[in-house]
Amino acid sequence: MDPNNIIIYAIIVTSLATFISRFFGAITSEKVSVKSKAFQWFNCVAYSTLAALLGRMIVFPAGVLADSSLVIRVVVLIICISVFLFSKKNLVIPTILSAMLLSFFNSI
């Protein structure tokens, strides 16, 4: 199987998993309290899945990201998390900054 097709299938499957869980969440949102154990469990599963995917992208990157060293990726991650926290949890600034920093560090 072509590696590009595998990536496309992975994106489709993970998107379906995300949207199905969000759909069921929307259906049951009136019946589940935000402070209930079920809600907290789903919240933990969602965040752990996202953390695992981001961790995989940093440690075992694919595509163009694999051209940069692990040290560069970790430095950019630490800088962007710091910017995220200091910018009152703004997502746009660290996202743009990460692309700029990766480009800069890879060109050195």
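Rundown of residues vs (1) among the acidic types (Asp, Glu); (2) open to solvent by 80 Å² or more (accessible area, probe 1.4 Å); (3) within 17 Å of the chain's Cα centre (by Cα), yes/no style:
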position	(1), (2), (3)
Cys44	no, yes, yes
Ser69	no, no, no
Leu77	no, no, yes
Leu101	no, no, no
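Would a scan of region 59-67 turn up a residue that is out of contact with any His (no Cβ under 8 Å at 6 or more places or on another chain), open to solvent by 90 Å² or more (accessible area, probe 1.4 Å) and acidic (Asp, Glu)?
Of all residues in region 59-67, those out of contact with any His (no Cβ under 8 Å at 6 or more places or on another chain) come to 59-67.
If we keep only those that are open to solvent by 90 Å² or more (accessible area, probe 1.4 Å) too, we end up with 60, 64, 67.
The next check asks that each one be acidic (Asp, Glu); those that pass are 67.
Within region 59-67, one or more residues are out of contact with any His (no Cβ under 8 Å at 6 or more places or on another chain), open to solvent by 90 Å² or more (accessible area, probe 1.4 Å) and acidic (Asp, Glu).
Going by the structure shown, is Ser33 surrounded by fewer than 12 Cβ atoms within 10 Å (Cβ to Cβ), assigned to a loop (DSSP other than H, G, I, E, B) and of a type in the set (S, T, N, Q)?
Against the criterion (surrounded by fewer than 12 Cβ atoms within 10 Å (Cβ to Cβ), assigned to a loop (DSSP other than H, G, I, E, B) and of a type in the set (S, T, N, Q)), Ser33 qualifies.
Under 7 Å by Cβ, and 6 or more places apart or on different chains, what pairs join a residue from region 29-44 that is farther than 21 Å from Thr18 by Cβ with one that is surrounded by 10 or more Cβ atoms within 10 Å (Cβ to Cβ) and of a type outside the set (Lys, Arg)?
Ser33/Phe39
Based on what the data block shows, is Phe104 among the aromatic types (Phe, Trp, Tyr) and farther than 18 Å from Ala51 by Cα?
Against the criterion (among the aromatic types (Phe, Trp, Tyr) and farther than 18 Å from Ala51 by Cα), Phe104 qualifies.
Given the criterion among the charged types (D, E, K, R), under 30 Å from Ile108 (Cα atoms) and open to solvent by 90 Å² or more (accessible area, probe 1.4 Å), identify the matching residue among Arg56, Arg22, Arg73.
Details: Arg22 fails: under 30 Å from Ile108 (Cα atoms); Arg73 fails: open to solvent by 90 Å² or more (accessible area, probe 1.4 Å).
Checking each option against the conditions leaves just Arg56.
From Val76, Val71, Val64, grab the single residue that is without any contact (Cβ under 8 Å) to a residue 60 or more places away in the chain, out of contact with any Cys (no Cβ under 6 Å at 6 or more places or on another chain), over 25 Å from Ile11 (Cβ atoms) and assigned to a helix (DSSP H, G or I). I'd like the intermediate steps shown before the answer.
Details: Val76 fails: over 25 Å from Ile11 (Cβ atoms); Val64 fails: over 25 Å from Ile11 (Cβ atoms).
Exactly one residue qualifies, and that residue is Val71.
For region 83-107, how many residues meet the condition of being farther than 19 Å from Met57 by Cβ, in a helix (DSSP H, G or I) and of a type in the set (S, T, N, Q)?
Here the count works out to 1.
Just wondering, is there one or more residues in region 1-11 that are part of a helix (DSSP H, G or I), modelled with pLDDT under 85 and open to solvent by 90 Å² or more (accessible area, probe 1.4 Å)?
Yes - at least one qualifying residue is present in region 1-11.
Does Phe84 qualify as being open to solvent by 60 Å² or more (accessible area, probe 1.4 Å) and of a type in the set (A, V, I, L, M, F, W, C)?
Spelling it out, it is not the case that Phe84 is open to solvent by 60 Å² or more (accessible area, probe 1.4 Å) and of a type in the set (A, V, I, L, M, F, W, C).
The values are calculated or read from the model by the stated rules, or taken from the named source; none is laboratory data. All values derive from a computational prediction rather than experimental measurement. When we count neighbours, we look across all protein chains shown, and the Cβ atoms used for this are built from the backbone with ideal geometry, even at glycine. SASA here: full protein model, heavy atoms, side chains in, ligands and nucleic acids out. Shrake-Rupley method; radii C 1.70, N 1.55, O 1.52, S 1.80 Å.
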